Amino acid sequence: MAGDTMTSGEYISHHLTNLTYGKLPAGYERIGTDGHSHMLDQAQWTIAHTAQEASDMGFMAIHLDTMGWSIALGCLFCFFFARAAKKATVGVPTGFQNFVEMIIDFIDDNVKSVFHHKNPLVAPLALTVFVWIFMQNAMDLVPVDWIPELAKLMGIHYMRVVPSTDVNATAGMAIGVFILILYYSIKQKGLGGFAAELAFQPLPKWALPFNLFLELVGLIAKPISLALRLFGNMYAGEMVFIIISLLPFYLQWTLSVPWAIFHILIITLQAFIFSILTVVYLAMAYDHH
């Protein structure tokens, strides 16, 4: 719920600002925790105290909350799935093992229907992408004030708990997939074969500049679409939850519960789309034209 000292705009801005660590230049006028401003004598690496400071830190700044929650959720995924594998039993699975096997079978069936080549990396990658992104998305179901308010009590100015609402996180995952696309395209077809596919299709060879332009745009659009689709949907969902939290208490529960139930579908669908498109793009990297 919005604090008494915050306007609605300030409350929304606060919840959409990441915990940012970066470099402030010498001569930067900074407002301290006591409310007084002071000038930095030299460039300083520090945690931003305001949204303006986070913005002024520029490209080299890092979002500590995005990195922290992403790594923590990734470790949690590895721990539970490794534990399920270690305790797997022969016969009819029960409990958590049944749940894990259901997810694995679901991903495996989808990979087999799309990827018709031999590569032991693709199915585990699709599983990892699906579960990891789902866990990141699911953090959106935590009430928006719980963790930020707890962080504030610990002296932490900002805390965004949904990594997939940060375009840096979604772009980072998309770039990782893009690197794999390039790697397998060149590995399977050779550098010359991959270049020929970009230059000599879909139009005849005389239209090489047009082919190259069209194919490069299509190639670059793959990671951009992966990153922005996930980011846009999750950012919009987070914004709805924040706006609902500004309403009177009785309206919060009236609106947040139905939206949360609907949002479960969104977070699952977005994780699946990112995962299956990763497999589709890798299959396209293997296919010869």
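Read-outs throughout are calculated quantities, based only on the coordinates presented, and are distinct from any laboratory measurement. It should be emphasised that the depicted structure is a prediction, and the values quoted were computed from it without experimental measurement. Note: ideal-geometry Cβ built from the backbone for every residue, glycine included; neighbour counts use all protein chains shown.
Identify which of 226, 64, 214 has the largest mean-square fluctuation in a Gaussian network model of the chain, with springs joining Cα atoms closer than 10 Å.
214
Counting Lys and Arg as +1 and Asp and Glu as -1, what is the net charge of the other residues whose Cβ lies under 11 Å from the Cβ of residue 144?
That works out to -3.
Looking at the chain as a GNM with Cα springs under 10 Å, which of 279, 240, 129 has the largest mean-square fluctuation?
Of 279, 240, 129, the Gaussian network model singles out 240 as fluctuating most.
Among 240, 91, 134, flag the residue with its Cα farthest along the positive direction of the charge dipole of the stretch 62-286, charges on Cβ as +1 for Lys/Arg and -1 for Asp/Glu.
Of 240, 91, 134, it is 91.
So what's the net charge close to residue 185: Lys and Arg +1, Asp and Glu -1, counting the other residues with Cβ under 13 Å from its Cβ?
Numbers: positive: 187, 189, 222; negative: 197, 215, 287.
My count for the surroundings of residue 185 gives 0.
Cα gyration tensor of the stretch 88-187, axes a ≥ b ≥ c as square roots of the eigenvalues: rounded (a/c below 1.5), prolate (a/b > b/c) or oblate?
Cα axes put the stretch 88-187 in the oblate bin.
Please report, ordered by residue number, every helix of the chain (full DSSP H runs) that is 20 Å or longer along its axis going by C-alpha atoms and whose mean Kyte-Doolittle hydropathy reaches 0.0.
Helices meeting the criterion: 64-86, 95-114, 122-138, 167-199, 208-245, 249-286.
In the structure shown, do any of 23/222; 118/187; 189/222 have a Cα-Cα gap over 22 Å, and if so which?
The answer is 23/222.
Where Lys and Arg each count +1 and Asp and Glu each count -1, what net charge lies around residue 97 among other residues with Cβ under 11 Å from its Cβ?
+2
What percent does the relative contact order of the chain come to when contacts are Cα pairs within less than 8 Å and at least six residues apart?
22 percent
Dividing the convex hull volume of the Cα atoms of the stretch 1-149 by its residue count, what figure in Å³ per residue is obtained?
187 Å³
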